[in-house]
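What follows is calculated from the coordinates using simple rules that are stated; it is not laboratory data. Since this is a predicted model, take the numbers as computed values, not measurements. Neighbour counts run over all protein chains shown; Cβ positions are idealised from the backbone, glycine included.
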Amino acid sequence: MSRLDKNLLNSDFRFSEGLVVTKGLENLPERVLQFGEGNFLRAFVDWMIHQLNKQGEFNGRVVAVQPIPEGLVDVLNEQDGLYTLLLRGLQDGKPVEQQEVISAVSRGINPYRNWQAYLACAENPDIEFIVSNTTEAGITFDKNDRPDMQPPQSFPGKLAVYLHHRFEHFKGDPAKGMVIIPCELIDRNGDKLKAAILQLADEWQLSDAFKNWIISHNHFLNSLVDRVVTGYPRDEVQSIEAKLGYQDKLINAGELFHLWVIEGPAELEERLPFAKAGLNVIWTKDMTPYRTRKVRILNGAHTASVPAAFLYGIDAVKEMMDHAVLGKYVRDIVNEEIIPSIDLEKQMLVDFADAVIERFRNPFIKHYLLSILLNSSSKFTARVLPSIVEYQKHTGQLPEKLTFSLAALLAVYKDGVVEGSNMLARRTAGEFIMKDDVPVLQFFAEKWSTCEGTKESVAVFTQAVLANEAIWGQNLNAVSGLTEKTADYLYQIINDGMHSTVQKLVGGKL
């Protein structure tokens, strides 16, 4: 079987019907430096650059830098930066699948093996954009990094050396500053990356002129990304390659939905005209409303609904959405409790919520509830608790289903035994491993061990748990009525079971 590379792309090979292949984009100049060569960036940023190139709106390619010693750069170079992207999901309730060969990546660089090739990119006047996805822990200051390391270990360390080399090579030319858009899933990611670079500049005793160049002539933009990327479809790859007719070690898969919110000056949008190309990219002066919308609706719906669904016996998100009782439970949480708690334009919230519900029903993605349960306590604090508090402020009442979701979360830890860094817990469908911070697991195990299951002991347990400010960021007993209502729901879960309790809740009989 032929291999996907430049030779195949430019040959007379007959590509399969339905596969989009655009030739003539392979020799465009390199304009983007990308830290990360993994699945997400290739299905998100690189896919977008490819769409711009197809429409003649960008005319540039991406150099992918491998941020850690092990990665995909060698395979990427074997295939001349080419790979097949499968985007699959629901549109207006109907399954849709798109297949396309993406040619936005020119090459990959492993700076651990080829440091000089990495530094040479800083000398290229055409490269003006930097994007990154180095995991949430990637944007951190590392005191062990030094400017003479080849390379420094951290992403900010590598980037600081790159920027300093560019500053010196172009003698501080203001026009040679970069537009830097991190995609890491942390709040104010651009601000945090800029702070790390300046901290390294101070630590390394770099010149004030360099620091002023960083501050005045480089744009560090905060951004918010949203697309589920499932990556290499290992279970399907043989059938996919048989249909395509060629071998591709970098086949990538993700959902149809995509959203990129970039906080930055309007004039920069003209240099990256994503929206003009029909992409769901929003340039804004303030990304806060969009982050609030995503965290509270998309992430909040997951975190609020999964504990009950998992204890009910459900294993995946689509299964939950297709269930008569639990599907309604999720929709009610979003439409009746989360949306009314957010002080943003309602139609904006409703439109996003409709898209979220459709995404949850994607038949091509198996999103396991157990993976969503990872670190549930901290997720609940960030994603669900604000909706509970704001709903009460707006209406004077506690939201029934969101309050119930807190009780369901507490029930997940019941009968758990801490073993090392995990907890062995139980549900009706069998044992499972609950992953959370060890102090959280130990706390819940200790408190549950003293709860006898009586109404009084459940009330005492709930009060003690909600008082833990280390978990919730505040004493939740101060939220009017929350302790009593949570304890009441938890008692019903323990004594009546999750099936009966959720069914009564959704049916309005509690």
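Using r as the Cβ-Cβ distance of Asp315 and Ser2, and R0 as 45 Å, what FRET efficiency do you calculate, to the nearest 0.05?
The computed FRET efficiency comes out at 0.70.
Could you go through the stretch 270-283 in sequence order and give the Karplus-derived ³J(HN,Hα) for each residue, using 6.51 cos²θ - 1.76 cosθ + 1.60 with θ = phi - 60°, rounded to whole Hz, and x for Gly and Pro?
Computed from phi, the couplings for the stretch 270-283 are 5, 7, 10, x, 4, 4, 4, 8, x, 8, 7, 10, 10, 8 Hz.
Going 7 Å from the Cα of Asp12 along its beta-carbon direction, which residues of the stretch 219-245 have the amide nitrogen within less than 15 Å of the resulting point?
none
Magnitude of the Cβ-charge dipole of the chain, K/R +1 and D/E -1, about the Cα centre, nearest 20 debye?
So the dipole magnitude of the chain works out to roughly 460 debye.
Report, in degrees rounded to the nearest 10, the 0 to 90 angle that the Cα long axis of helix 208-217 makes with the longest principal axis of the chain.
Relative to the chain, helix 208-217 is tipped by roughly 80 degrees.
Relative contact order for the chain: what percent, with Cα pairs under 8 Å and sequence separation of 6 or more?
12 percent
Within the stretch 454-510, which trypsin sites (Lys or Arg not before Pro) sit in a loop by DSSP and count at most 10 neighbouring Cβ atoms inside 10 Å?
Lys509
By the gyration tensor of its Cα atoms, with a ≥ b ≥ c the square roots of the eigenvalues, what is the shape of the stretch 131-224: rounded for a/c under 1.5, prolate for a/b over b/c, or oblate?
oblate
Within the stretch 50-136, report the chymotrypsin sites (Phe, Trp or Tyr not before Pro) that DSSP leaves as loop and that have at most 12 other Cβ atoms within 10 Å.
none
Using only Cα atoms and rounding to the nearest 10 degrees, what angle (0 to 90) does helix 482-496 make with the longest principal axis of the chain?
Here the helix axis deviates by roughly 80 degrees.
Treat every Asp and Glu Cβ in the stretch 57-113 as -1 and every Lys and Arg Cβ as +1, leave all other atoms uncharged, and give the resulting dipole magnitude about the Cα centre to the nearest 20 debye.
That gives the stretch 57-113 a dipole magnitude of about 100 debye.
Using the count of nearby Cβ atoms within 10 Å as a rough guide to exposure, how do Met178, Met423, Met348 rank from fewest to most?
Met348, Met178, Met423
What angle, in degrees between 0 and 90 and rounded to the nearest 10, separates the Cα long axis of helix 346-360 from the longest principal axis of the Cα atoms of the chain?
On a 0 to 90 degree scale, this one is about 90.
Once Lys and Arg get +1 and Asp and Glu get -1 on their Cβ, which of Met149, Ala201, His217 lies farthest toward the positive end of the dipole of the chain?
His217
Which one of Pro69, Ala122, Gly38 is farthest out on the positive end of the charge dipole of the stretch 1-142, using unit charges on Cβ (Lys, Arg +1; Asp, Glu -1) and the Cα centre as origin?
Gly38
So which GluC sites (Glu not before Pro) in the stretch 301-368 are both in a DSSP loop and have at most 13 other Cβ atoms within 10 Å of their Cβ?
Those satisfying the criteria are Glu345.
What is the sum of charges, Lys and Arg at +1 and Asp and Glu at -1, for the other residues whose Cβ falls under 12 Å from the Cβ of Asp226?
+4
Under the Karplus relation 6.51 cos²θ - 1.76 cosθ + 1.60, θ = phi - 60°, what is the ordered set of whole-Hz ³J(HN,Hα) values for the stretch 330-344, x standing for Gly and Pro?
Rounded to whole hertz, the list is 5, 4, 5, 4, 5, 7, 9, 10, 6, 4, x, 8, 9, 8, 9.
Can you give the local net charge around Leu86? Use residues other than it whose beta-carbon is closer than 14 angstrom to its beta-carbon, Lys and Arg +1, Asp and Glu -1.
Residues near Leu86 contribute -2 overall.
Quick one: which residues, 5 or more positions from Val179 or on another chain, have an amide H under 5 Å from its amide H? H modelled 1.01 Å from N in the peptide plane, none for Pro or chain starts.
Phe129, Ile130, His219
Please give the charge dipole size of the stretch 289-506, origin at the Cα centre, charges +1 on K and R Cβ atoms and -1 on D and E Cβ atoms. Round to the nearest 20 debye.
Around 460 debye, computed over the stretch 289-506.
Would you mind computing, in nm to one decimal, how far apart the modelled labels at Thr284 and Asp415 are, each placed 7 Å from Cα along Cα→Cβ?
4.4 nm
Counting DSSP beta bridges with both partners in the chain, what percentage is antiparallel, nearest 5?
Around 45 percent of the beta bridges assigned by DSSP in the chain are antiparallel ones.
Can you run phi through the Karplus equation (6.51, -1.76, 1.60; θ = phi - 60°) for the stretch 2-8 and list ³J(HN,Hα) in whole Hz, with x for Gly and Pro?
5, 9, 6, 7, 4, 4, 5
How many angstrom lie between the C-alpha centres of the stretch 1-41 and the stretch 119-190?
27 Å
If I model a spin label at Gln91 and Lys393 as a point 7 Å from the Cα along the Cα→Cβ vector, what separation in nanometres do I get?
Here the answer is 4.0 nm between the modelled labels.
First select every other residue whose beta carbon is under 12 angstrom from the beta carbon of Glu97; then total the charges, Lys and Arg +1, Asp and Glu -1.
0
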